[in-house]
Amino acid sequence: MGLTAIVVGAAVFNPLATPFGINLGSMATTGNEVAWVAGTSQCMNVIVGPSDANYDSHPSNLNGQTFTVEGCGGGGIWINDADGNIYAQCGAFSEADVCGVHTTAHCI
């Protein structure tokens with residue numbers, strides 16, 4: 001097996017190697033901003049930070065990877081990976097509220 005086959009195999013069989021979208025939203029009942037893997041239930045969220053404070057750079061884990069939300073002070077929101085590299089850019093997004101979560105952004 002050549003190196004190419006090993007690298008391709010690792011990307012295909014390692015779920016952590018596969019990029020995924022992230023949705024952001026707010027929970028009025030808890031006063032928190034939350035995130036969850038796009039395409040999954042809003043009920044499967046993690047807390048990003050309090051809605052009434054700047055939650056930039058607060059680490060959260062999704063699918064076994066650590067992320068931070070950045071740009072919360074205005075001028076556009078994006079997601080950084082654990083190394084500080086831009087993982088995704090976010091844009092306004094709306095969908096039906098589920099589990100008390102109001103979706104505000106989709107990040108890809």
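Read the figures in this text as sums done on the coordinates, not as results from a lab. All of these numbers come straight from a predicted model, not from anything done at the bench. Neighbour counts are summed over all protein chains in view; Cβ atoms, including those assigned to glycine, are modelled from backbone coordinates with ideal geometry.
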Dipole size in debye (nearest 20) for the range 32-108 around its Cα centre, Lys and Arg Cβ +1, Asp and Glu Cβ -1? 100
Gain upon complete extension [Asn63, Glu95; 0.36 nm per residue less C-alpha separation]: 9.3 nm
Overall dimensions of the range 45-108 as given by Cα atoms, namely Rg and Dmax in Å: 11.7, 33
Listed highest first by mean packing, meaning other Cβ atoms within 10 Å per residue, what order do 20-32, 72-84 come in? 20-32, 72-84
What number comes out for the charge environment of Val69, summing +1 per Lys or Arg and -1 per Asp or Glu over other residues with Cβ under 10 Å away? -3
